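Following: one structure in structure tokens, then a few remarks.
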Amino acid sequence: MKAAVFKEKGVLTVEEIPTPEPKFGEVLCRVKYCGICGTDLHNYSYGITAPGSILGHEWCGVITKLGEGVEDFSVGERVMLYKHPWVPLVPPGKRNDPRNIRLNPRAIYSAPSRMGAYAEYIAAPTTRITRIPDEITDEAAACLEPLVAAIHAVRLGNLKVSDTVAFIGAGPIALFMIQRVKQAGARAIYVSEISSARAAKAEELGSDRVFNPLKEDIITEIVKLTGGRGPDIVYECAAGKNTLNQACQLVARNGRVTCLAVYQEPILLEPLDWYMMQPEIKFTTNGDSTPFDWEIAKEVLCQNSIDVETVITNVIPLSKIQETFQALLKPVTNDMLRVLVKP
Ligand SMILES: [Zn+2]
């Protein structure tokens, strides 16, 4: 089969490799789509992955072969990824539960022989897939995983009806979140975004004001718009050098900063500017999403209550993956939002 193999920092090459054989409890799937995730871009550009690995986890496909012991799925069924292999299935807030493990993204991402879905086929354990209901298109199915991240982060923000909300950064996950926050009854949604394509989409999806932080002082502007208080909740989705600091400066006293940005480099924090505001800062990734978040996200796709497809701007073949990764690393200079690979 053809697959995009990670060779070294910044290099993916499409190669012919053996099609995997499904092991006990696994099914082999022909991949229909695999979304390009921000973490794939990080793994690629910082080289935090073992050479020879295949990236790509936001996939859906059709079962072509059953491994031994598989009785609850059959050949020809449409399926999508359902729950990451490293997600501890522990209810949130249960610190002393022995099922809790220490999670280190460097170790997770650099684990040898990761076989992802930037390939024609993927072998997947049946415990980590689910059938795609008829209401969900293949394109939407490939958005389930980032939608889970969005749902989880919105829920962590503890949003209450008529709270004001700000987003620092409006990438694909934030664009899902904006829709959810709007549905949840936010009083106003303010967005800071440097890419004009992302800014336009954030506006189209219901944001009240979208600012370009390179041209405007977003803290002064948003604090003014919120009657001098600042927003109740700030979602930090940008992972810039100063954006977490900015989120903490911006949020209302005793407000909550929910940070789902993934930082690959040290960042700047100047607590003297904001520690007396006593913000609550909560970090999240899809690594702490719960089985319930996955259930909700699947339901959201069935009801189409968040339009995930409106954020998909490009579908590319495997042969374009290297140049597309390079382009996505510079979001300001292109119009791409969410990109799906069709191997
Ligand atoms: Zn992802």
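The values are calculated or read from the model by the stated rules, or taken from the named source; none is laboratory data. These numbers were taken from a predicted model, which means no experiment stands behind them. Neighbour counts run over all protein chains shown; Cβ positions are idealised from the backbone, glycine included.
Filter segment 191-210 for residues that are in a helix (DSSP H, G or I) and among the aliphatic types (A, V, I, L, M) and give the result.
In the first step, residues of segment 191-210 are kept if they are in a helix (DSSP H, G or I); the result is 196-204.
197, 199, 200, 202 - these are the residues of segment 191-210 that are in a helix (DSSP H, G or I) and among the aliphatic types (A, V, I, L, M).
Filter segment 210-237 down to the residues that are of a type in the set (D, E, K, R) and in contact with a Gly (Cβ under 9 Å, 6 or more places away or on another chain) and list them by number. Give the steps one after another, and end with the answer.
First, the residues of segment 210-237 that are of a type in the set (D, E, K, R): 215-217, 221, 224, 229, 232, 236.
229, 232, 236, listed by residue number.
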Cross-chain or 6+ apart pairs with Cβ under 7 Å, segment 304-325 first and free of Cβ contacts under 8 Å to residues at least 24 places away in the same chain, then surrounded by fewer than 18 Cβ atoms within 10 Å (Cβ to Cβ): none
Residue count for segment 112-132, restricted to those that are surrounded by fewer than 13 Cβ atoms within 10 Å (Cβ to Cβ) and either free of Cβ contacts under 8 Å to residues at least 40 places away in the same chain or in a loop (DSSP other than H, G, I, E, B) (or both): 2
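Out of segment 127-136, which residues are hydroxyl-bearing (Ser, Thr, Tyr) and touching a Phe, Trp or Tyr at 6+ places or on another chain (Cβ under 6 Å)?
The initial filter retains those residues of segment 127-136 that are hydroxyl-bearing (Ser, Thr, Tyr), namely 127, 130.
The one that is hydroxyl-bearing (Ser, Thr, Tyr) and touching a Phe, Trp or Tyr at 6+ places or on another chain (Cβ under 6 Å): 130.
Does segment 168-190 contain at least one residue that is assigned to a loop (DSSP other than H, G, I, E, B), within 16 Å of the ligand (Cβ to nearest atom), in contact (Cβ under 8 Å) with a residue 40 or more places away in the chain and surrounded by 21 or more Cβ atoms within 10 Å (Cβ to Cβ)? Walk me through how you get there before you give the answer.
First pass over segment 168-190, keeping only residues assigned to a loop (DSSP other than H, G, I, E, B): 169-171, 184-187.
Now drop any that are not within 16 Å of the ligand (Cβ to nearest atom), which leaves 169, 171.
Then keep just the ones that are in contact (Cβ under 8 Å) with a residue 40 or more places away in the chain; that gives 169, 171.
Of the ones still in play, those that are also surrounded by 21 or more Cβ atoms within 10 Å (Cβ to Cβ) are 169, 171.
Among the residues of segment 168-190, at least one is assigned to a loop (DSSP other than H, G, I, E, B), within 16 Å of the ligand (Cβ to nearest atom), in contact (Cβ under 8 Å) with a residue 40 or more places away in the chain and surrounded by 21 or more Cβ atoms within 10 Å (Cβ to Cβ), which makes the answer yes.
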Lone unmet requirement of (1) polar (S, T, N, Q); (2) in contact with a helix residue (DSSP H, G or I) (Cβ under 7 Å, 6 or more places away or on another chain); (3) surrounded by fewer than 21 Cβ atoms within 10 Å (Cβ to Cβ) for residue 289: (3)
Scan of segment 28-44 for residues that are within 16 Å of the ligand (Cβ to nearest atom) and either closer than 19 Å to residue 131 by Cα or not in a helix (DSSP H, G or I) (or both), ordered by number: 31, 33, 34, 35, 36, 37
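Can you tell me which residue is nearest to residue 166 (Cα to Cα) among those in segment 139-155 that are aliphatic (A, V, I, L, M) and within 12 Å of the ligand (Cβ to nearest atom)? Break it down into steps so the answer makes sense when it comes.
First, pick out the residues of segment 139-155 that are aliphatic (A, V, I, L, M): 140-142, 144, 147-151, 153-154.
Now restrict to residues that are within 12 Å of the ligand (Cβ to nearest atom): 142, 144, 147-150.
Values: 142: 27, 144: 24, 147: 19, 148: 20, 149: 17, 150: 15 Å.
Here the answer is 150.
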For residue 68: the one exception among (1) at pLDDT 95 or above; (2) among the acidic types (Asp, Glu); (3) within 28 Å of residue 261 (Cα to Cα): (3)
Odd one out for residue 106, checked against (1) within 14 Å of the ligand (Cβ to nearest atom); (2) within 18 Å of the chain's Cα centre (by Cα): (1)
Residues of segment 159-186 satisfying the condition of being touching a Lys or Arg at 6+ places or on another chain (Cβ under 6 Å) and over 12 Å from residue 234 (Cβ atoms): 162, 170, 172, 175
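Any idea which of 25, 47, 76 is surrounded by fewer than 14 Cβ atoms within 10 Å (Cβ to Cβ), farther than 15 Å from residue 115 by Cβ and more than 13 Å from the ligand (Cβ to nearest atom)?
Residue meeting the stated conditions: 76.
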Residue within segment 288-311 that is under 24 Å from residue 204 (Cβ atoms), aliphatic (A, V, I, L, M), under 21 Å from the mean Cα position of the chain (by Cα) and outside any helix (DSSP H, G or I) present: yes
Yes/no for residue 149 being buried (at least 24 other Cβ atoms within 10 Å of the Cβ), of a type in the set (A, V, I, L, M), assigned to a loop (DSSP other than H, G, I, E, B) and touching a residue at least 40 places away in the same chain (Cβ under 8 Å): no
Inter-residue pairs, beta-carbon under 8 Å, first among the acidic types (Asp, Glu) and in segment 263-291, second more than 16 Å from the ligand (Cβ to nearest atom) and not in a strand (DSSP E or B), 6+ apart: 265/241; 270/245; 273/245; 273/248; 273/249; 280/254; 280/255; 288/92
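Going through segment 79-93 one residue at a time, which ones are at pLDDT 75 or above and either surrounded by fewer than 18 Cβ atoms within 10 Å (Cβ to Cβ) or assigned to a strand (DSSP E or B) (or both)? Don't jump to the end; show me each part of the working.
Taking segment 79-93 and keeping what is at pLDDT 75 or above, we get 79-83.
Answer for segment 79-93, where residues must be at pLDDT 75 or above and either surrounded by fewer than 18 Cβ atoms within 10 Å (Cβ to Cβ) or assigned to a strand (DSSP E or B) (or both): 79, 80, 81.
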